[in-house]
Each structure stands twice: as C-alpha cells, then as structure tokens.
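Student: Below: one structure in structure tokens.
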Amino acid sequence: MKKIFLLLIFCAAHFLAHAQPPCPGVFPVAPFEIIKTVIPPPTPNPDLSLPPDLPADRIIYWVHGLGGEPKNWNKAGLYSKETWKIHNFFPTYTDVGMNEAAEDLQIYMDTYGDPESQEQGITDYTVNFVIGHSQGGIVPRALDKRITEFYGEEERKFGGLVTFGSPHLGAKILNNVDPDDGNMLVPWAVEGCEDLLAGPILELEKDIIQAINEAIPWYIKFFTGGLGNETLNLEGIPEIICDGGGYTLPTILPIVFMDYHSPITDFYKVGANCGDCIDQINQFHESNTTLNRVAFYGIEEEPVLWRTVSSFTKDNPNQFPTFEADKDNTVVDAIKSLELGYISHVEEYNSAIEHLEDILSHFSWWNPPPPPLVWAIQDAIQEHQSMRDAWQEGLDWLQQANDNYKAIIGAEEVNFIGGYVCTCELYFGSNTEPTTSSTFTGLSQAECYAQETNFGTGYLDCEYELSGYLQVIDEDSDGVVIESSAKTIPHPTSNNEGLLKMPGSNHIQMRNDSNTGNAMEYIFDGFVGSTFFVLHR
C-alpha cells in the first residue's frame, strides 16, 4: 500500500497543506469530555506447528503487497538465501479480484515452483512456504481456501505462511479513500492544501504590493497614494490551485490512488461481504488449521503520518543496505521546521497587533488622535489580523494532521457516548434561579416540552439537550494497517509478542529494517514455529 502518500507529497510540494478542525466527518465538534481507551490484545492461540522433513533447499515465495512489485522483497530474500538453505521466488499477480489473484499465485507455483521443488528432491510441497507483505499475505490465504474447498488441501503447494503488516481484519484505509463511499481523504487533502497556502499567498500579495509601491516615483504616489491592499487580491489562489478543476487534487487523486481503487481491494475493506472476502477467509481459517501461519506487525512511533511519509519518500527502505532502513525522520524534521515557520509568522503578527493596540490605548478622550491616524492604525490591525489568521490556518492543519490521518487508517476513532435528556427547572415569582431541577431520559423532544406548565406564581421550564462525552479510541499501527488487524491471523503457530512485534517499523520499513533482519532469524531458525525451521548454509 504505497501511493496514498503521494497525495501528501503533492501538498508539500506546493509548500504546504491545511488547517481548521479535524477532517470533515472525522471528529464531531462538541464541548464534551474526552476519554482515551486502549484496545486490548487478542487472546493467545495454541501452537499448531509441526516439524517438517527438511529437503536440500526449501522453496520460499516472497509475495508483494498492493501496488508493489517482485523486487520489493529483494533485500530480505537475497540475504536469507545466502544465510539459509532456501530457493527464492518472487511472484506477481493480477489486481482484478481476490480469486483471480489467488489463481495467478497458484499458476506461478505450478509453473516455476514445481520444477524447482523436483530439482531439490521435494515430494511433499508443504515444506515450502510463503512470506507475504500487506495484501501479499492475504492472497495466499485466499488461495489456501480456494484449493481446500475445490480440490482438497493435499493439492496446496505450500504448508506455511508468514505475513508482514497484512490486514487480516480488513484495512480501514480502503474504506476511507473509496470515492464512492464517503471519501475522507480528498476533503482533508484539499482543505489542507488551501490552508497551508493561505499564509504564503497573502504574504506574497503583500510583498508584491510593497515592491510595486517602492518602484513608483514619489511624485506619482503623491497624487495617487500608490497601490492599496485591495488593488491586488490573491486570496482565491489557494482554492484555484487546490480545488479549481483541471490538474488539481480532486482530479489527480483518483489517478494517484488507482491501486487503492483496484477491484481486489474490495475484498478486504472492513466489513466486506462476499465469498472470497476477508471475513469469509477468516471464518474458513478458524476451522482449517493445517496451514501453519504467523503474523508479524509493525508499531510505528509518533508522529505516525510523517514517519510513514518519510519511508515512502526521502527514506525509502529500498535505497538502504540490507536491514538498515531504520531511518524514518527526514520528513518529520522537515515538518517540525515548517511548523516553526508558521508559529513564527503567527507570533510576529500577534506582536504587531499588540503594539498597534497599545498605541491606540495611549490616546484618551481629552487627548484624541487625529481621525486619519486612528483609521490608519485600525486598518493596519485588521490587515495584521488577516495575515495572522491565514498563517494560523496552516499551523492548525499541521498540528492536527497526524490525528486526522490516524482516523483515516482506523487507528483513531471518536465515538459519542450519551444521548438527549430532558431537564426541567421549577421557578417561582420573579426568581431568576430555579428552586429545583430534574433530568429525565427516554423522552422525545415533544414529550419533554409537554412537561412545561404554569401554576399560580410558579412555572416549569424544560430544555431538550444533548448530553454525553466523546470517547477517543487509540490503537497502534504501522502507519497503514492497525495493530489488531495485522496481528490477528486465526490460530497462529506463535503469539509471542516479543518476536512478532516490530517496534518502530512502519508499513514500508518492515521489508528492510533491523526488525526485518531479526524476523528472518525468528522465522528460519524456527522460533515462531518449527515448521519454518531451515538449515543454515
């Protein structure tokens, strides 16, 4: 899963992207208490692995993820082949559907794996196994289901599966970038692009006007007054750049996210319901335990968004030596520097506003300033406020971007806990404070207001109000797939968190960082299941 981050690069390439409250439709805005909860880990499953008979070289199929290519596993595959007695294959497959992808993988195994297995003297193909990244861990599971249901599991050409960052409970990010189902990404990106450009564009407008005025001869300015702020208006430029049709974000994003809209992704969206969808694959594997399987998962550090973007761009793991792609802070540092720039502009204009307001405060009714001076100072204050607010929009977006992105991938969810209540207060005479107050639940709005009544010198006043709090559910992730989805494969051969958890690894890093190197040892030396044990060369 890679191209989602090209959107963020596009916005950054324009020198910045957005502000305001969190993404539209992501966080409800309400003055309620926020309670953080953490999703507990799943219950461990029993060890189901069995030691295989070891051939000369075992066949390992390294399967890439969505939008990937066979070379994505090259570093880990080459190192492992030099260290353990394995023979590598790097298959690819179609993206038109899960069943079709599984069939492609089967054809690849028949075409390339079978002859090599025979070359190695392998008669029991279950000694071979698959290592899959992201979607590449789901396709072999679909293949296992397909073969077992149609031909019998004895026809399966692999006996084990190791997954890295695979969304075994579905990938929420796919739901939230779907253009036909409430796309959260495009509004967030467009808003970000406009907000991050707002300050720089107004600053540019001010600089242009100032440069022109400095170039105008004094005698012309004497009669014309020079250019005013209203002469050049660039305020609408961010909207034109970001959302004005043509080659702007709403047009470009569907092209950038072509992989994310490919038909195969419909099969592992959260809640997808079909014969080959992820929920049905999980149901199948709840009872079918002959395929040995284990799931590695990354836990990226905060800020998850910018660290993951860094690995997709400046710190791409493929450019590092084998298992040395631990660096993921280049974009993080750039964003920190950018944020400091926005803070500096906001503080600069706040200081100027305070200074001008201080000047006005020194005048009094017995020592009034000339009206033109007052007007000039008030105009300057308004101009500075507009500039400050424009830079503040960009700052707000930068400070909220990580949480908003986590909502898009499903790592942060906000739920409103509560409902409407009817509060009735009793007043007597001219008293402005109620004598008593009672709260009722379960009433409709009409039933609530029907309680109001007048009697003697008293009356009952009722209000129908929303009452409750916001519950924020936080879950760790690798920057694309949340922890619970990546780790919850039915009946794994190991649930040892100390071995399977990859702290600091994001979704792209996990193919070539130091944790990947450790994982190769855990796999091939049999620590996560003796079925995966391979002899050293």
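Every number here is computed from the coordinates shown, using simple stated rules; none is lab data. This structure is a prediction, so every number in the text was calculated from the model and none was measured. Glycine also receives a Cβ, built like all others from the backbone with ideal geometry; neighbour counts cover every protein chain displayed.
Student: Using only Cα atoms, figure out Rg for region 412-474 and give it as a multiple of 2.2 N^0.38 Å. Write down the numbers at each step before the final one.
Tutor: On the way: Rg = 15.6 Å, N = 63, 2.2 N^0.38 = 10.6 Å.
That works out to 1.47 for region 412-474.
Student: Right, another one. Which FRET efficiency value, to the nearest 0.05, is calculated for TYR420 and GLN399 with the Förster distance at 30 angstrom and r the Cβ-Cβ distance? Numbers along the way, then the final one.
Tutor: On the way: r = 33 Å, r/R0 = 1.09.
Efficiency for this residue pair is about 0.40.
Student: How would you rank CYS274, CYS424, going from fewest to most other Cβ atoms within 10 Å of each one's own Cβ? Don't skip to the answer; put the middle values down first.
Tutor: Details: CYS274 13, CYS424 19.
Fewest-to-most Cβ neighbours within 10 Å comes out as CYS274, CYS424.
Student: Next up: Could you put LYS75, LYS487, LYS327 in order, starting from the residue whose Cβ has the fewest other Cβ atoms within 10 Å?
Tutor: On the way: LYS75 21, LYS487 26, LYS327 15.
With the fewest neighbours first, LYS75, LYS487, LYS327 line up as LYS327, LYS75, LYS487.
Student: Could I ask something else about it? Given a Förster distance of 25 Å, report the FRET efficiency between THR111 and SER530 from their Cβ-Cβ distance, rounded to the nearest 0.05. Don't skip to the answer; put the middle values down first.
Tutor: Values: r = 30 Å, r/R0 = 1.19.
With R0 = 25 Å, the Cβ-Cβ based efficiency is 0.25.
Student: Now a separate question. Using a basic spin-label model with each label point 7 Å from the Cα along Cα→Cβ, how many nm lie between GLU119 and PHE428?
Tutor: Taking the simple label geometry, GLU119 and PHE428 are separated by 9.9 nm.
Student: Let me ask something else about it. Pop a pseudo-label 7 angstrom from the Cα along the beta-carbon direction at both LEU443 and ASN496 and give the gap in nm to one decimal.
Tutor: 6.2 nm
Student: Same structure again: Could I have the simple spin-label model distance between GLU239 and GLU302, label points 7 Å from Cα toward Cβ, reported in nm to one decimal?
Tutor: So the two model labels end up 3.5 nm from each other.
Student: Step through the table entries LYS336/LYS406; LYS157/LYS406; LYS269/LYS501; LYS314/LYS501; LYS327/LYS406; LYS71/LYS157, compare each Cα-Cα distance with 29 Å, and write down the pairs that go over it.
Tutor: On the way: LYS336/LYS406 18 Å; LYS157/LYS406 38 Å; LYS269/LYS501 23 Å; LYS314/LYS501 25 Å; LYS327/LYS406 21 Å; LYS71/LYS157 22 Å.
Result: LYS157/LYS406 exceed 29 Å.
Student: Please report TRP366, TRP62, TRP73, TRP375 as a ranked list, fewest other C-beta atoms within 10 angstrom at the top and most at the bottom. Could the numbers behind the result be given before it?
Tutor: On the way: TRP366 5, TRP62 23, TRP73 27, TRP375 11.
Arranged by neighbour count, lowest to highest, TRP366, TRP62, TRP73, TRP375 become TRP366, TRP375, TRP62, TRP73.
Student: How much length would be gained if the chain were fully extended between GLU339 and ILE359, taking 0.36 nm per residue of separation minus their Cα-Cα distance, in nm to one decimal? Please report the intermediate quantities before stating the final value.
Tutor: Details: separation 20, 0.36 × 20 = 7.20 nm, distance 3.06 nm.
4.1 nm is the gain from fully extending GLU339 to ILE359.
Student: With charges set only on the Cβ (+1 for Lys and Arg, -1 for Asp and Glu), what does the dipole of region 378-494 come to about its Cα centre, in debye to the nearest 20?
Tutor: Values: 3 positive and 20 negative charges, 63 e Å.
Charge dipole, region 378-494, about its Cα centre: 300 debye, nearest 20.
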